[in-house]
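Input: a single structure, listed below in structure tokens.
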Amino acid sequence: MWVVVTHWLNVLFMIMMARSGIEILSAFPKFYWRDDCPPGREWLRLSKKVFSSEPRRPWSSLDEEESWNPVIALPGRKNLGLGRHWHFMTLQFWIATGAVYVAMVFATGYWHYLIPDHWSIIPDAIRQIGTYLHFELGQPIAGQPFNPAQKLMYFTVIFVVSPLMILAGAAMSPAVIGRFPWYGKLFGGKQGARSVHFLGMCFFGMFVVVHVLMVILHGLPSQLTRIVLGSGQKDTTLGLALGLTILFVIFAIQVPLSIVSLRRRRLVQHLTGLMVDPPQRVLSRSFSSRQQYTDADISPYHRVNGYPPTDPAYEEMARHEFRDYRLDVGGLVKHPVSLSVADLRALGTVAYIAKHNCIQGWTSIGKWGGIPVSTIIDLVEPEDEAKVAVFYAFDDKGLTEAEGRYGHFYGSIPLWLASKPQTILAVDMNGGPLPIEHGAPVRLRCESQLGFKMVKWVRGIEFVADYSHVGMGQGGWREDQQFYSNSAGI
């Protein structure tokens, strides 16, 4: 019965992970093997939209997003934040189910049915496949429930592809690969891991199709009865009815998940966040970015995410090369300051080469130079009750023009994250002054987090006890408007 229970839980959780994974994919439906991600060089594109790296017309990576139907995506319709919430929450239940299953496999001796004990199973499995192609059913291995092809496939699914999916998923986490850059290189970089993860999902999908076909060919009533009631049961009518009922319930559950996610997005953000956010905070707090790539690794092309501010005051400063720019730093601090770009540089700058990880999925490696935020913290001396630094951007009305939502962009990070060595206020990029499209004159860089946390075009910093009174109280513009998680280490 433990096989029966874990089997059906697997069906439920893998459907939810596949659907939420498709929602995540819709934000950047392109696949690369290298982390440069130049437009037009993807090995697979699941979109009709075509963009060029040539500066013919301004475009943002947000323009690459697709809106996919809720029938296949969870929740669908451009809800990347909630898709990630569902994916990471379900992942925890799937891994827990798998851990129980594997533990029982070895505790009961069931592993003898799943793990090959001789290389001869490979040619035996090939012959078994030939038997199926001749429209004949093969016989199970003597004393075992599965034939060679089935045994080899179950071993591959359980002990090869499933762990590989988890490992590839970890290689897409900015906190993990920031702390252990060598780990991402095992997959050829984050884009390699992303491609492997996608191919693994395709493998699971093909496995399910063949698996269901085998159940039908070997006798649907009897096989479904074994899957529902366990081996040795003879009442195929009850087994068939119960199996079809379980399948109906599993698929029926998907409907309210989509409806509630689309109609009550803030509620879903908070409820799923109860399980999603704590592991992300632990990951971010435990791992400090230690990236230091070489000049040869710098990407020749770096996507722009978001259009420059249309604020008249900002445009005027840009025309004068930001000579009149002032960064106001205040809030719960002992020494509020107002700093020009020259003042910031005089505090002392650092430089490093790191990988930018956009929440949409694309990556790029660049050289960033700027002032450690810890230096700003030492300068202004926050009060004891100050726990969060809020970074305000110039009014960025063009940021999500296609979606019709406007407002001042802002983001927040806890002070322990602001104090990390590779958390800086960047004023330089790739050996020159920071370009306007990438956040000039000042942008936040926080290399263990996803890109949306790195506020561009920063106009001020406020130290606060918490962010509940800022904006809509979720910790950032994207958290407010697009239901992202405030923790972004994954």
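The values are calculated or read from the model by the stated rules, or taken from the named source; none is laboratory data. The structure displayed is predicted, hence computed values, not measured ones. When we count neighbours, we look across all protein chains shown, and the Cβ atoms used for this are built from the backbone with ideal geometry, even at glycine. All accessible areas refer to the heavy atoms of the entire protein, side chains included, with ligands and DNA or RNA removed. Shrake-Rupley method; radii C 1.70, N 1.55, O 1.52, S 1.80 Å.
A few remarks follow.
- Of all residues making up the stretch 408-439, the number that are assigned to a strand (DSSP E or B) and either buried (at least 23 other Cβ atoms within 10 Å of the Cβ) or touching a residue at least 12 places away in the same chain (Cβ under 8 Å) (or both): 12
- Restricting ARG319, ARG303 to those that are open to solvent by 60 Å² or more (accessible area, probe 1.4 Å) and over 24 Å from LYS387 (Cα atoms) reduces the list to ARG319.
Each row is one residue, and each column tells you yes or no for (1) open to solvent by 40 Å² or more (accessible area, probe 1.4 Å); (2) at pLDDT 95 or above; (3) not charged (D, E, K, R).
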{"site": "GLY184", "(1), (2), (3)": "no, no, yes"}
{"site": "CYS202", "(1), (2), (3)": "yes, yes, yes"}
{"site": "VAL215", "(1), (2), (3)": "no, no, yes"}
{"site": "GLY219", "(1), (2), (3)": "no, no, yes"}
{"site": "GLY232", "(1), (2), (3)": "yes, no, yes"}
{"site": "GLY243", "(1), (2), (3)": "no, no, yes"}
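- Residue identified as over 29 Å from ALA73 (Cβ atoms) and of a type in the set (Val, Ile, Thr) among VAL209, VAL228, VAL176: VAL228
- Residue check for GLY81: in contact with an Asp or Glu (Cβ under 7 Å, 6 or more places away or on another chain) and surrounded by 14 or more Cβ atoms within 10 Å (Cβ to Cβ): no
- ILE177 being modelled with pLDDT under 90, in a helix (DSSP H, G or I) and touching a helix residue (DSSP H, G or I) at 6+ places or on another chain (Cβ under 7 Å): no
- Restricting the stretch 14-42 to residues that are more than 16 Å from the chain's Cα centre (by Cα) and without any contact (Cβ under 8 Å) to a residue 60 or more places away in the chain, the residue that is surrounded by the fewest Cβ atoms within 10 Å (Cβ to Cβ) is GLY40.
- Restricting the stretch 186-200 to residues that are out of contact with any strand residue (DSSP E or B) (no Cβ under 8 Å at 6 or more places or on another chain), touching a residue at least 12 places away in the same chain (Cβ under 8 Å) and in a helix (DSSP H, G or I), the residue that is surrounded by the fewest Cβ atoms within 10 Å (Cβ to Cβ) is GLY200.
- Checking the stated criteria, VAL71 turns out to be at pLDDT 90 or above and either assigned to a loop (DSSP other than H, G, I, E, B) or surrounded by fewer than 20 Cβ atoms within 10 Å (Cβ to Cβ) (or both).
- Residues in the stretch 5-25 that are among the hydrophobic types (A, V, I, L, M, F, W, C) and farther than 23 Å from VAL228 by Cβ: ILE22, ILE24, LEU25.
- Any hit, the stretch 320-327, residues being assigned to a loop (DSSP other than H, G, I, E, B) and within 20 Å of ALA171 (Cβ to Cβ): no
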